[in-house]
Amino acid sequence: MKIKNVSIQAFKSYLLSGDGFFDFEIEKGLDKKEIADFISLYAPNGFGKTSFYDAVDYAVTNNVSRYVRGSRAKNNAYQNLETGSRYVLRNKDADDYESEFDTSLPTRLSVVTTKKTYDNEVKKPKGNQKADYLSNRQKPTNDPTPKTNFMQRVLLSQEAIDAFLRESNPQERFEEFINNSDGKLSSYFSQREIIRKQCNYIDKAISKIKDKISIKTKEVDELDGFNSPFTEVNEIIEDLNSLDLYQIKKFSNPFSQNDYEALTNDILVLQEKLKEHINSSINYKLKLSDEFLSNRDVISEYLEELNILTNRFNNAKILFNKVEEKEVLNQRIRENHGLISVANNDLDIKRKALGQIQPYLKVKREIIDVKSFIDKLNKSLEVKKKESSSVNKTLSECNFSYSKLNEQLSDLITSKNESEKYFADIELLEQNISIDRSETREVIERINTNKLVLKELELNINDVEGFDINKSIYIKFEWAEKCKAVSVMLNHLYQRYKKLNEDIKLKENELTNFKKEIEKTEIQSSLIAKLVNQASEIINKSKQTDCPVCNHQYSSFEHLQNSLLSNDELNQHQKSLRVFYDKSFFEVTQLREQLLNCENQYRNQKDQLLNEIKEKASNFTGLVESDNALLTNKESSIKSWNEQLSGLKLKTEFSSKQEFNKTLDFKIKNCNQLISEIDEQKKELLEKLHLLNIELSDLNKKLSNEYQKLNVIEEDKTQFEDLSNIFEEFGVNTDLNAGELKILIQKEINIKEELLESIIDLNKTLKANFDLLDLDYPDTLSSVESSIKLYREKLESKRHDFSKYLVVFKTFSIDPPKDLHSLEKATHDLMHKKEALKNEGSLYNSHLSNCRILFSMAEQALKFSKVESLKADLYNLEKDLGKHKNLSAPLEKDLESINKYIQKKANEFFNTKLINQLYQSIEPHPDFREIHFECKLIDKSRGELNIFAFDPEKNKKSAPNLTFSSAQINVLSLSIFLARALTTKDDNGENVDCIFIDDPIQSMDSINVLSLIDLLRNLVVNFGKQIIISTHDENFYELLKRKIPTGLFKSKYLRLESFGKVIEEPLLRSYQKSTI
């Protein structure tokens, strides 16, 4: 997979897509391009190099890897959010551009490759979303694009290269290795992590269990030796519970600390209740009984005095009731005197009202007449106002019509003056439209003709592209003569190619036969040599002169031995076979070279023909496009002429010149006539409005006079206020005549007089009863109340003094005495209950002693139960310890196996040979010229990936970040990353041939830089890789142009001219060749 182009719009440094289009293709003639294998991008810092890599990353993976690679990178990205900006990826000026030019400018990215096109878009943040990227700390990354994991391995950022050795610790390196390994190894590591955590958890659990066993064993040794106290304790508890003061729970084994605390609380509660019962019930009652018996004579005197005071208090209450009755009668007499006075006043008012009825009715009639006249005036006034409003409305409508008619008349006069120009313009426009339509038809015919030719050329291109040297070409009748001639030549090359292939096969069969014969002779030679050796051994032993192989007779033993050892017949045969084999091999090589030349001739002839046809097709395409543009212009002109013509015809009402002028004259005359009629109507309306205003003024004056008259009459009506109140009180209908009203009022006067006489008679009776009571009970109510109050106070004092002696009877449930006889009986009962109470006190004191015994026995039970519990816990802990050990053993065995597997795969993962080749090609450290990788997985610890520099002469290794300079560390990291990128495959198992390198030469010296350029050139030429490298160093950029020029290599050089704007670097190829 290689990159064709990258398009960036409204993303970080890049605003417009035209400024952010990175074209990685090279023009190779008409309509032919090839992908550049080496692309260099130069820009000063801050112009947008990093934004370019971020755009490629986001377009393919839907994430920016450097933002989410580690915690520190994420924190750096979050700091951008904390500044208040909502845009992490979107260009900050994109919104201003949209507002200024009133157009949409979405953030869009596109990466076109030889395999597929990756398109992506960054959405604006919505609602509560903080930013367009990294807005959620709980889920910071986007969902990744499927099958794009390879992208992280071919994006070589300076940040990642620097961090790999300088900042990454061995644990982080190991985790990165696992994350980038195959799925099987990652799965094994996940299982290892689960097992490792389980083992650590089990080890911690075993340690805790052992600590607990030690502690509990020590506690058992300290507490052991107590006997069980539970039977004795429960007997005491059962005795205490029988009192029903408080129920205590019986002891049981096991007896926990909670049980102990609950029991001690229960004992304390019971002790308090026993003490409370002794103090409040027994001792208190005994004290009360002793006080009563010692004051028995005093109690007898109190009883006699209470009886005397009670009799006097009852007599005073009887006297109070009689005096109170006398006071009530006196109060009623006074109230009746008041009623008599009110009734006399009311009768005087009603008698006076009888004489006011006639004048009252007269005033009432006057008020009704005035109000009726006022209503008539108001109705007339309302009618006149409506009529005036209607006239005003009609007048306004006339004014509006008058104004419109004048405007219409002005337009008609203007149209009449412009009519000559209208019809002249119409004639000119119709001529222009006719000319353009004629030209349009000619252009359409030309376009259709050229399209037919272009279609035939495209068919020829498809046919030529299908030419194959492995099959004969069928020459079609419709082909051009040039195409037919080239096809005949290509068919001759096909026949020659076919013949060469057949000859090669025959020669290859000869080579195979020669090879088999050579092998056969080699076997025979081996057997003969063995036979000669055996014959030599025989004649050496026997000293014979005849050959044991062929039976030939020789002159002497020495002659026979020399003949055997110097026999080379078979070797000569092998040499002759080898000569024939080499000759045949040379002939095959020549035939293959002829075959390759034939293929090249075929390809060149085909390409030359294809280019000529494509060039011709391109010319016709240009003609079609030119005519299409001309056609568009003509159609646009016709449309514009038609719009103008329609507007003019609309103005002239689609009529002829004579009809249009005649219509205008008629309309002008009609407008003038209507204007005159409206003038007359306006005059009539103004006169009518003037008369209505006069009538309205007269009505308003009359209405004002009537309201004044009504106010005067209303003031006279106030003298009849009493009469009006009488009518309202009794609900009298005032529409009756004077005689009827007088009868009603007189009737009310008679009723009042009868009521007054009955009240006077009742008052006389009440006065007689009062006099009788006053004679028998002359005391006042206040004097009687004083006597009662005095007796009540004395009685309450005596009862209070006596109450302290009555408490004892209530306490012992004995009826209190009311006289001397009942006092004797109560005293006898009290003495009997006092003896029983003393016996109860002795019993409760013995129960208190049992509570104190329970305290000590509860402690003993707690210690005894704790020992038993500790022994049970020890048993369970020993059992639990055995289970954990049984669990730990197989897990540790599995962990050891997985550790060995991961270590083996980790050592196989790194292509150490390739890394060292790359590292040594960029002038490495003078001593440490080899790199070793070491994966460590020790027991249950986290994995580590260590990288060591190795000195083969001294057999010494060292950590690079402790031994190397910054430039050497940079070279080493770059070598590791390049090796990883060179072997990267996508998720379908296909090679990813593009590699992005950002600013790789930091801290490098001149030798390192030159070596790096040679390495990159080698990767492009020999490995078929596409290298996309950026730099801020202009000297390095210029050096790349000289070392990898566009004239000799498929290279391309781009430059960021300004912030977020890319241009292609203009280069002179002749200059490039002279400077290499």
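Anything in segment 477-505 that is of a type in the set (A, V, I, L, M, F, W, C) and within 22 Å of residue 602 (Cβ to Cβ)? List them, or say none. Result: 479, 480, 483, 485, 486, 488, 489, 490, 493, 500, 504.
For segment 2-27, the tally of residues that are more than 8 Å from residue 91 (Cα to Cα), touching a Ser or Thr at 6+ places or on another chain (Cβ under 6 Å), assigned to a loop (DSSP other than H, G, I, E, B) and among the small types (Gly, Ala, Ser) stands at 1. Only one of the listed residues (1011, 1006, 1051) is within 26 Å of residue 21 (Cα to Cα) and assigned by TED's automatic domain parsing to the domain that holds residue 8. That residue is 1051. Here residue 722 fits the description: assigned to a helix (DSSP H, G or I), modelled with pLDDT under 75 and loosely packed, with under 15 Cβ neighbours inside 10 Å. In this structure, is residue 1013 at negative phi, outside any loop (DSSP other than H, G, I, E, B) and at pLDDT 90 or above? No: the conditions fail for residue 1013. Taken over segment 758-786, residues that are hydrophobic (A, V, I, L, M, F, W, C), out of contact with any Asp or Glu (no Cβ under 8 Å at 6 or more places or on another chain) and modelled with pLDDT under 80 amount to 1. Residue 333: farther than 30 Å from residue 824 by Cα and over 60 Å from the mean Cα position of the chain (by Cα), yes or no? Yes, satisfied.
Among the residues of segment 802-820, those identified as assigned to a helix (DSSP H, G or I) and either modelled with pLDDT of 75 or more or under 23 Å from residue 286 (Cβ atoms) (or both) are 802, 803, 804, 805, 806, 807, 808, 809, 810, 811.
Conditions (1) closer than 20 Å to residue 1043 by Cα; (2) surrounded by 23 or more Cβ atoms within 10 Å (Cβ to Cβ); (3) among the hydrophobic types (A, V, I, L, M, F, W, C), marked per residue:
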{"position": "970", "(1), (2), (3)": "no, yes, no"}
{"position": "973", "(1), (2), (3)": "no, yes, no"}
{"position": "984", "(1), (2), (3)": "no, no, no"}
{"position": "988", "(1), (2), (3)": "no, no, no"}
{"position": "991", "(1), (2), (3)": "no, no, no"}
{"position": "997", "(1), (2), (3)": "yes, yes, yes"}
{"position": "1002", "(1), (2), (3)": "yes, no, no"}
{"position": "1007", "(1), (2), (3)": "yes, no, yes"}
{"position": "1012", "(1), (2), (3)": "yes, yes, yes"}
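Picking from residues in segment 1034-1050 that are surrounded by fewer than 16 Cβ atoms within 10 Å (Cβ to Cβ) and outside any helix (DSSP H, G or I), the one that is modelled with the lowest pLDDT is 1047. Of all the listed residues (892, 868, 878), the sole one being of a type outside the set (Lys, Arg) and in contact with an Asp or Glu (Cβ under 9 Å, 6 or more places away or on another chain) is 892. Within segment 492-525, the set of residues being more than 16 Å from residue 579 (Cα to Cα) and either outside any helix (DSSP H, G or I) or aromatic (Phe, Trp, Tyr) (or both) comprises 494, 497. Residue 317 falls short of the stated requirement of being more than 30 Å from residue 813 (Cβ to Cβ) and free of Cβ contacts under 8 Å to residues at least 60 places away in the same chain. Only a single criterion out of (1) surrounded by 15 or more Cβ atoms within 10 Å (Cβ to Cβ); (2) touching an Asp or Glu at 6+ places or on another chain (Cβ under 7 Å); (3) within 28 Å of residue 116 (Cα to Cα) is not satisfied by residue 1024, namely (1).
Does residue 304 satisfy the condition of being of a type in the set (D, E, K, R), in a helix (DSSP H, G or I) and over 60 Å from the mean Cα position of the chain (by Cα)? Criteria met by residue 304. Test residue 422 against the stated conditions and say whether it is in contact with a helix residue (DSSP H, G or I) (Cβ under 9 Å, 6 or more places away or on another chain) and over 30 Å from residue 675 (Cα atoms). Judged against the criteria, residue 422 is not a match.
The residues listed here are 931, 915, 902, 922; of these, the one that is at pLDDT 80 or above, in contact with a Leu (Cβ under 7 Å, 6 or more places away or on another chain) and among the β-branched types (Val, Ile, Thr) is 931.
When we screen 798, 825 for residues that are in a helix (DSSP H, G or I) and at pLDDT below 75, the only hit is 798.
The values are calculated or read from the model by the stated rules, or taken from the named source; none is laboratory data. The model shown is predicted, which means the values in this text are computed figures rather than measured ones. Neighbour counts are summed over all protein chains in view; Cβ atoms, including those assigned to glycine, are modelled from backbone coordinates with ideal geometry.
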